[in-house]
Amino acid sequence: HYFIQSNLRSSVSSTLTDDVKVVTPDHDTFCTPCTSIINSLKGKALILLSGSLSVIIMSVVKHFAHLPVGQFIATIFGLALLFFMPALFFCEISFEYKGKAKFVICRAAFGATGGLAKIWSSRVLPVGDCVAIFSLMPVFAILFSRVLWKEKINVFTIVALVVGVTGVCLIARPPFMFGGNTDEINSFYPLMPLFAALAVGLSFSCMRKIGTEVSPQLVSINVAFFVVAESLILHFILRDTFVAPDCYADRIATCIGSVAFVLALYCLNKGLALEKSGPGTMMKNFDVVTAYIIQVAFFGTIPNALSIIGALLVLSSAILVSVSKLF
């Protein structure tokens, strides 16, 4: 009896196995949307962190005003190169320019000039106003791409340019429009972050021609070299004397600035790899909020109503440009 029963069970089970196909859900089918959402959130977070770190660099340069600006910036980026060089060899990154050498040099030269002007302007202007004016950079990047590479622009870009320029005027408040002090030096200061936005926008336009053929780390190395060289040139133009950091605070600030630059560059490159350019540009421009928080908390400079309205207009122009990339 036991033998018959066991054979019956085996025959039934084999019949069910042959006739019925068990379909198991594919794990990747469920995980792919979740992975894309997680990567998008990671990208936004990294880009936001990159903008905050760049504001920290500007704040460090502004706080330690007794150190010459050219020497201080050259030291920060020179130490950053010490972090980059070992990474190039350990990660086995290619040093080939692949026919894009002129675009890499232009991207590094204009990017370094714009970055130097942006950081230097934080010495003479509130940090929040500098970052707000610099947020006009995406608009200039698209305009340069139109002029140089014949890329199409739409109504969003034109409206964004008008809104952005209006915001810059409210932040800078030039004397010929608002009256008041007509000192040429003071009137020149707000043009520095605007020039920085122009230069970096042109460098980003050159980056479109580079694409992914050249390693981003190699491009970063070129930018750092140009910043060090231009900072030393600025140091001699201003006829400043070399000041050795004579206290631990100066040395720690220099190291913090170098580490912040390396992390900001890594977070920006990684974030743009995980997120699309449109939302990425939106997140990048939210560093205006971080800049005004640091300005009030650490420097005690409270922005007036016109500066806040102008910052909102510039931020809106960047958002308009980002939205135009989605259509």
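Every residue, every condition in (1) touching a helix residue (DSSP H, G or I) at 6+ places or on another chain (Cβ under 7 Å); (2) aliphatic (A, V, I, L, M); (3) buried (at least 23 other Cβ atoms within 10 Å of the Cβ); (4) modelled with pLDDT of 80 or more, yes or no:
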position: L79; (1), (2), (3), (4): yes, yes, no, yes
position: P86; (1), (2), (3), (4): no, no, no, no
position: E92; (1), (2), (3), (4): no, no, no, no
position: G99; (1), (2), (3), (4): no, no, no, yes
position: G111; (1), (2), (3), (4): yes, no, yes, yes
position: R123; (1), (2), (3), (4): yes, no, no, yes
position: W149; (1), (2), (3), (4): yes, no, no, yes
position: V155; (1), (2), (3), (4): no, yes, no, yes
Name the single residue that is farthest from G115 (Cα to Cα) among those in region 224-254 being open to solvent by less than 20 Å² (accessible area, probe 1.4 Å) and of a type in the set (V, I, T).
T254
Check on I309, modelled with pLDDT of 75 or more and over 19 Å from H63 (Cα atoms):
yes
How many residues does region 204-217 contain that are assigned to a helix (DSSP H, G or I) and within 17 Å of the chain's Cα centre (by Cα)?
7
Going by the structure shown, is E213 open to solvent by 60 Å² or more (accessible area, probe 1.4 Å) and under 28 Å from I142 (Cα atoms)?
yes
Hydrophobic (A, V, I, L, M, F, W, C) and open to solvent by less than 50 Å² (accessible area, probe 1.4 Å): does that describe L116?
yes
Please find, within region 79-110, the residue that is nearest to the chain's Cα centre (by Cα) out of those that are of a type in the set (G, A, S) and not in a helix (DSSP H, G or I).
S94
Within region 39-91, which residues are of a type in the set (V, I, T) and within 18 Å of P216 (Cα to Cα)?
I47
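The values are calculated or read from the model by the stated rules, or taken from the named source; none is laboratory data. Values in this document were obtained by computation on a predicted structure and should not be read as measured data. Quick reminder, even Gly has a Cβ in these numbers, built from the backbone with ideal geometry, and neighbours come from all protein chains shown. Surface areas here come from the heavy atoms of the whole protein model, side chains and all, with no ligands, DNA or RNA. Shrake-Rupley method; radii C 1.70, N 1.55, O 1.52, S 1.80 Å.
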